[in-house]
Amino acid sequence: MTDQELETAILEIFEQNYEILQAEGGHSLTEDTKRAALQQVLLYWRKMRDVAERVTETEVKLTLPEQQTRKGRKYSIHGVVDVVQEEERTVMYDIKTHDAEYVQSNRGDYEKQLNIYAHIWQELRGQPLDQTAIIATAHPKEVKQALHAGDEAALEAALAAWEPLVDIPFAQQQVEAVIADFSEVVDAIEDRQFSPPPLSRLEQRYKTRGREKRFATQICGNCDGRFSCSSYRAYTQANRGGDVSFNRYFRDFESTDQEAWLNANLETNLES
Ligand code: SF4
């Protein structure tokens, strides 16, 4: 297959997947979001082709069954990873749609998850493991700018500089603490404790795509629950600057993107 034929095949698979997800979940994407998702897939393929072609097991389902919370609730932990086994070496990859800089500055969160998967792979399945890593598929702002400008040379340079692979060392001794964290979350969900994090957390800054962003921008900005979230409300009140109108709080809710998203979803649900 030529490169062009491969990318055409990826496009077809992307469309098929989208239709399946749409039918299963009843949700649609706006045209802009769908185009951005396809672009991320294609760029990920161009950049990580070497790893993608070496993957020996894809979508490996890992399960840690029969866990029990402090309050006696039973639960299981499930995960999906890709695995490369070459000669004497085994590497486990977890693909995330986040950007590499964000993963780097929040390594602890990713370590927890990968430690559990490594534990299942090694201890329960009895398989060797040499390395664990995150593949962060969101491309950096330099790639985005080059795409926007249609500048092929700049795009080549930005793709060459992009490092989507983030090594995450695994530590077997942390597994118990991580499982205890999961148990706390299970108990909190079952006890209907859904309080959002405090305002200080929303003010916290992370490095992402070469810029510092607050939790409120990076995470809450994509959260469907933000318009009924007391912490987000407190954040907008504390950060409204000179604009004291209540409308400011709802401004992004009225954005064109929201309207396109609503229309796309209405169409999907009318068709189903
Ligand atoms: S807006 Fe969403 S992500 Fe942000 S604190 Fe509230 S619930 Fe959490």
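Each reported figure results from applying straightforward, stated rules to the coordinates on display, with no laboratory input. Since the structure is predicted, the reported quantities are computational estimates derived from the model, not experimental observations. Cβ: placed from backbone, ideal geometry, glycine included. Neighbour counts: every protein chain shown.
Listing for the model above:
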| quantity | calculated |
| --- | --- |
| Extension gain, A180 back to L6 (0.36 nm per residue minus Cα-Cα distance, nm) | 58.2 nm |
| Full-extension gain in nm, Q172 to F227, via 0.36 nm per residue minus C-alpha separation | 15.8 nm |
| Other-chain or far-sequence residues with amide H under 5 Å of L62's (modelled H) | G79, V80, V81 |
| Stretchable slack from E57 to D151, in nm (0.36 nm times residue separation minus alpha-carbon distance) | 30.2 nm |
| Lys, Arg +1 and Asp, Glu -1 on Cβ, resulting dipole of the chain about Cα centre, debye, nearest 20 | 1460 |
| Within the chain, longest stretch free of exposed trypsin sites (Lys or Arg not before Pro) [DSSP loop, at most 14 other beta carbons within 10 Å] | 1-69 |
| Inter-site label distance for K213 and E24 at 7 Å from Cα along Cβ, in nm | 2.6 |
| Counting DSSP beta bridges with both ends in the chain, the antiparallel % (nearest 5) | 75 |
| Longest segment of the chain lacking GluC sites (Glu not before Pro) that sit in a DSSP loop with at most 14 other Cβ atoms within 10 Å | 89-272 |
| Residues of type lysines that K34 reaches as a straight line, Cα spacing below 28 Å, ignoring anything fewer than 8 places off in the same chain | K47, K61, K96, K141, K144, K207, K213 |
| Long-range HN-HN contacts of T90 with modeled amide H, under 5 Å | D130, Q131 |
| Estimated [θ] at 222 nm from DSSP helical runs (n ≥ 4, -39500 (n - 2.57)) normalised by residues in the chain, nearest 500 | -15500 deg cm²/dmol |
| Point-to-point label distance, Q237-T97, nm (Cα→Cβ direction, 7 Å offset) | 3.3 |
| Sites E86 and F194, calculated FRET efficiency, Cβ-Cβ separation with R0 45 Å, nearest 0.05 | 0.50 |
